[in-house]
Structure formats: C-alpha cells, structure tokens
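Asks: Pasting a structure below so you can have a look.
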Amino acid sequence: MLKKDPIFWMATSIFILGVIIFGVTQNQLWLFLLAGSYLLRPTLASLNIAKSLVDERQMSIQYRSGNIAFAVMIIACIIMSVYQSNKGDHSWEFFNAIVIVGLAAKALSNVFLIGNYRESGTKIIMGVGLMLVLFVSLENGFSVGMLIESAPFWGIVGIGWLSKKFPRAIGGVVLGITVILLILILSKGFIIGQIITAVVVTVPLVTAGVSLIVGDRIESDPDGETVV
Amino acid sequence: MLCKILSNYLKESTIKTYLRKYRFENGELSQQQLADTVKVSRQTIVAIERGDYNLSVKLALQLARKLNTTVENLFQLEEKDYA
C-alpha cells in the first residue's frame, strides 16, 4: 500500500509535471523528472530531511540497493567508455568523467560521515598529489623528464604531509591553490569538459581545505590513536 | 547456488525474536497496530518477527516499552554469535 504523506504528493507532482511537459514539448529529456520522483524519498532521507517519513528498514534497503545500483552504473559507464573509445568517439571522456565524479562523491560523503576531518583532509591532498604523479609517470615512463615534470605534484604530496603538523595554515593554502586552479581551468573556456575538470579537481581540494580548517569531530587519545 | 546467495543477502538477522509472543500477551496487538505505535511499516514488523531484519537499538527500545518488557526479553542473540 502506498503511504500518502507529503513526500508521496511531492513525488506524484514531479511525475505528473514530467509527463505534462513531455506531452507539450515532445522532448524526451523531460522524462528524467520521472527518475527524480522515484528517487525523491530515499534522497531526502539520506540527506536527513524528512527522516521521520521513512521507515528505518526502508532506509536500510535503500542503502543496500543504492550500493548495488552505484556499482552497476560504474560498470556500465566503464563498458560504454571502452566501447566509445574503441570506436574512436571522444564521448568516452564523458563516461570517464561520470565514473570519476561518482567515485569522488562517494569518497567525499564518506569523509563527512566518518567525521575524522583532519586526517581525511591530509589523505585527500596526498591522494590527489600521488594520483597526479602516477598520471605523469604513465605518460612519460620512468625518466629524468618524468621526475622534473612530477616535481610540482610531489610538492602537493609534501603539502599534504605538512598538513598533519599545520592543519589550519595548510587548509588556507589549499583553498588559495584551489581558487587559482579554478581560474586557470575555466579561463580555457566555459565548456562542459572544462567544467567537469574543474569539478573533479576542485571539489576534493575544497573538501580537504575545509576539513583541515574545521577540525575533527573525533578526538585523539594521547598515544595518537583515533578514538571514535 | 544463486538461491543461497540471494537468501543470504535477504536474510540479515540471526537474532531470536519473541515479538509475536509479547504482541499476543499485550492484548493481541496486530502487526499493523504495533507498527503504527512505533511509526514503522507493517512490513518492518513482519521482517523483525521472521528474523529477516536487524532492527536499530532505538526501535528495539520503543518496542520493548510498548510491549511492557525489556529489550533482552524481546530479542536474544544465538549463543554462537556472542563470540
């Protein structure tokens, strides 16, 4: 039996709106609103909005089915990416971007939910640095050129390491670097590719910077072990 | 093989539950009535009684209060699961 609460009526309204606009415009993209109506309840509950309107077992089921759906979408994107790449179609980069954005969103929401902000901030900065070093290594192989080209990215790894000792100061530096990177990326054109790059590069860095400044919700004991 | 994986996936609890017994001892409450008092769906009560769902501590406490008993009377872990 359907539960006729405010979320039900909101979802129904979105559904009807999608169908009406599709009927009028004949543009199939409006049918994505139907997906919105289906995902409204679990999304609101996951964001802690209207949690009282969602049963705890329904939430547990939503978490599990959400994880399965996420894995399926990532695999589908990878398959599509490989398929388009083999055809020589550059749209494979969009699928690639979806995979990266999805994984980044999952990793970042984990950081927020765990609450161990400073440690996570350090890990994110070092992770971004090491990933960039890895990309340079794969492009150039192990050579002197690679060492020179990867030097700035080793610098990012170093900043990450320093953030353990000076979290607030490094947090500020990281936010400053992010603003500069954002301007550099978007100055090359305000097109979808640049926007995706900007999101992929800046979201983890902003998260890391803010995490380092805000501090931990989880206390550490004198031996340096994390106490949850 | 697939059935076993699916069944393991669906069945998440190894907790012994006496919810049905206490429901009947408290004026033969129906699953729907109990569900309404603790603000969950009837399917959740069914799943708890069947041992298909590990409920939260909050819901366990709410159920125990409504059924005039304690959480430990309502739910018990199997001996092997204490380790």
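Asks: Yes or no: the stretch A:6-18 includes at least one residue that is in contact (Cβ under 8 Å) with a residue 40 or more places away in the chain, assigned by TED's automatic domain parsing to the domain that holds A:VAL200, open to solvent by less than 80 Å² (accessible area, probe 1.4 Å) and of a type in the set (Val, Ile, Thr).
Replies: No; the residues of the stretch A:6-18 include none that is in contact (Cβ under 8 Å) with a residue 40 or more places away in the chain, assigned by TED's automatic domain parsing to the domain that holds A:VAL200, open to solvent by less than 80 Å² (accessible area, probe 1.4 Å) and of a type in the set (Val, Ile, Thr).
Asks: Based on this model, can you work out whether A:GLY209 counts as on the phi < 0 side of the Ramachandran plot, loosely packed, with under 13 Cβ neighbours inside 10 Å, in contact (Cβ under 8 Å) with a residue 12 or more places away in the chain and touching a Gly at 6+ places or on another chain (Cβ under 9 Å)?
Replies: No: the conditions fail for A:GLY209.
Asks: Something else: Restricting attention to the stretch B:55-73, and to residues there that are farther than 17 Å from B:LEU29 by Cα and open to solvent by 60 Å² or more (accessible area, probe 1.4 Å), which single residue is nearest to the other protein chains (Cβ to nearest Cβ)?
Replies: B:LYS58
Asks: Can B:ASP52 be described as within 13 Å of chain A (Cβ to nearest Cβ) and either crowded, with 17+ Cβ neighbours inside 10 Å or touching an Asp or Glu at 6+ places or on another chain (Cβ under 8 Å) (or both)?
Replies: Answer is yes for this residue.
Asks: Checking A:GLY129 against (1) of a type outside the set (Val, Ile, Thr); (2) in contact (Cβ under 8 Å) with a residue 60 or more places away in the chain; (3) within 23 Å of A:ALA169 (Cα to Cα); (4) open to solvent by less than 40 Å² (accessible area, probe 1.4 Å), which single condition isn't satisfied?
Replies: Of everything listed in (1) of a type outside the set (Val, Ile, Thr); (2) in contact (Cβ under 8 Å) with a residue 60 or more places away in the chain; (3) within 23 Å of A:ALA169 (Cα to Cα); (4) open to solvent by less than 40 Å² (accessible area, probe 1.4 Å), A:GLY129 misses just condition (2).
Asks: Could you check the stretch B:39-49 and list, in sequence order, the residues that are within 10 Å of chain A (Cβ to nearest Cβ), of a type outside the set (S, T, N, Q) and touching a Lys or Arg at 6+ places or on another chain (Cβ under 9 Å)?
Replies: If the condition is that a residue be within 10 Å of chain A (Cβ to nearest Cβ), of a type outside the set (S, T, N, Q) and touching a Lys or Arg at 6+ places or on another chain (Cβ under 9 Å), then B:VAL40, B:ILE45, B:ALA47, B:ILE48 are the ones that fit.
Asks: Among the candidates A:ASN110, A:ASN96, A:ASN67, single out the residue that is assigned by TED's automatic domain parsing to the domain that holds A:THR197, assigned to a helix (DSSP H, G or I), open to solvent by 60 Å² or more (accessible area, probe 1.4 Å) and over 30 Å from A:GLY215 (Cβ atoms).
Replies: So the residue among A:ASN110, A:ASN96, A:ASN67 that is assigned by TED's automatic domain parsing to the domain that holds A:THR197, assigned to a helix (DSSP H, G or I), open to solvent by 60 Å² or more (accessible area, probe 1.4 Å) and over 30 Å from A:GLY215 (Cβ atoms) is A:ASN96.
Asks: Tell me whether the stretch A:21-39 contains one or more residues that are within 14 Å of another protein chain (Cβ to nearest Cβ) and either open to solvent by less than 40 Å² (accessible area, probe 1.4 Å) or part of a loop (DSSP other than H, G, I, E, B) (or both).
Replies: no
Asks: Of all residues in the stretch A:40-57, how many are free of Cβ contacts under 8 Å to residues at least 24 places away in the same chain and open to solvent by 40 Å² or more (accessible area, probe 1.4 Å)?
Replies: 9
The values are calculated or read from the model by the stated rules, or taken from the named source; none is laboratory data. Worth saying up front: this structure is predicted, and the values here are computed from it rather than measured. Positions of Cβ are backbone-derived with ideal geometry, glycine not excepted, and every protein chain shown enters the neighbour counts. All accessible areas refer to the heavy atoms of the entire protein, side chains included, with ligands and DNA or RNA removed. Shrake-Rupley method; radii C 1.70, N 1.55, O 1.52, S 1.80 Å.
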